[in-house]
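Asker: Could you have a look at this structure, given as structure tokens, before my questions?
The values are calculated or read from the model by the stated rules, or taken from the named source; none is laboratory data. The shown structure was predicted, so the numbers you read here are calculated from the model rather than taken from an experiment. Don't worry about glycine lacking a Cβ; one is built from the backbone with ideal geometry, like all the others, and counts go over all protein chains shown. Accessible surface areas use protein heavy atoms only, side chains included; no ligands, DNA or RNA. Shrake-Rupley method; radii C 1.70, N 1.55, O 1.52, S 1.80 Å.
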Amino acid sequence: MNGYKKQRGLKRYYKDLAIKNDFDQIDLDLDNPESWFDNWHLHFDWKGYGNNSFRSRRPHLDKLFRHFDILVEKTKDLKNQFQLYAILLDHDSYSDALFLHTPNPNNSQFPFQISDLQSTTTFTNRLLNDYLDNLTGYEKRYGQAGEAFCLIYKDNVGRPFL
């Protein structure tokens, strides 16, 4: 016995990743002009399964970008200025997240900015690089902060990252 415990229910878990809309359970109240978001974010790989292999990470990324597009539609009627973006880490699927940020009473920087970003990849994860190279309609900026990361956004959706 090697101490490895086989995970049960992974087939259903990955099927749910492909079809469930997490916004069905989350009310962001985007039509309320008083609503604000202080880098509100949503993770898609709570158990870190994507850290085991890219084959396990890909469905989480697919879900993240499906939700990105859903949120693009939901923010079309948002009255406040906002930024909508995702941050992916080179080798940490658990930390990949989709963010919504607006001016807020917490005095968090708005617009949110990260310095020293570049348009060429800083990733060493070849499979993640290939995935991002095939991702169309998104702008990608890379940086390094302990681990290589990629900030992803769409032109003409909210405030730009310059």
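Asker: Which residues among the range 121-162 fall inside the zone where the amide N is under 18 Å from a point 7 Å beyond the Cα of Lys74, along Cα→Cβ?
Answerer: Taking a point 7 Å out along Cα→Cβ of Lys74, the residues of the range 121-162 whose backbone N falls under 18 Å are 153-154, 157-159.
Asker: Between the range 67-137 and the range 23-61, what's the alpha-carbon centroid distance in Å?
Answerer: 11
Asker: Tell me, what is the Rg over Rh of the range 25-65, with Rh the Kirkwood radius over Cα pairs?
Answerer: Radius of gyration relative to Kirkwood radius: 1.16.
Asker: Report P(r) for the chain: all Cα-Cα distances, bin width 5 Å, range 0 to the bin holding the largest distance, values in whole percent.
Answerer: 2, 8, 17, 20, 19, 15, 10, 5, 2, 1, 0, 0
Asker: Pairs to check: Lys20/Lys140; Lys15/Lys154; Lys76/Lys154; Lys47/Lys154; Lys15/Lys47. Give those whose C-alpha atoms are more than 22 Å from each other in this structure. Can you show the working numbers first?
Answerer: On the way: Lys20/Lys140 26 Å; Lys15/Lys154 27 Å; Lys76/Lys154 13 Å; Lys47/Lys154 28 Å; Lys15/Lys47 16 Å.
Those over the limit are Lys20/Lys140; Lys15/Lys154; Lys47/Lys154.
Asker: Moving on. Rounded to the nearest 0.05, what FRET efficiency do Asp24 and Gln144 have when you use their Cβ-Cβ distance and R0 = 45 Å? Each step should come with its number before you reach the end.
Answerer: Details: r = 36 Å, r/R0 = 0.81.
According to the calculation, E is roughly 0.80.
Asker: Which of the aspartates and glutamates could a cross-linker bridge to Lys63, judged by Cα under 12 Å and excluding same-chain residues fewer than eight apart?
Answerer: Correct list for Lys63: Asp16, Asp22, Asp45, Asp96.
Asker: Related question: Per residue, how much accessible area does the range 12-162 show when a 1.4 Å probe rolls over the protein heavy atoms, in square angstrom?
Answerer: Numbers: 8360 Å² over 151 residues.
It amounts to 55 Å² per residue over the range 12-162.
Asker: Then there is this: With the alpha-carbon atoms as the only input, what is the per residue convex hull volume for the range 49-104 in Å³?
Answerer: Values: hull volume 4.0 nm³, N = 56.
With only Cα atoms used, the range 49-104 gives 71 Å³ per residue.
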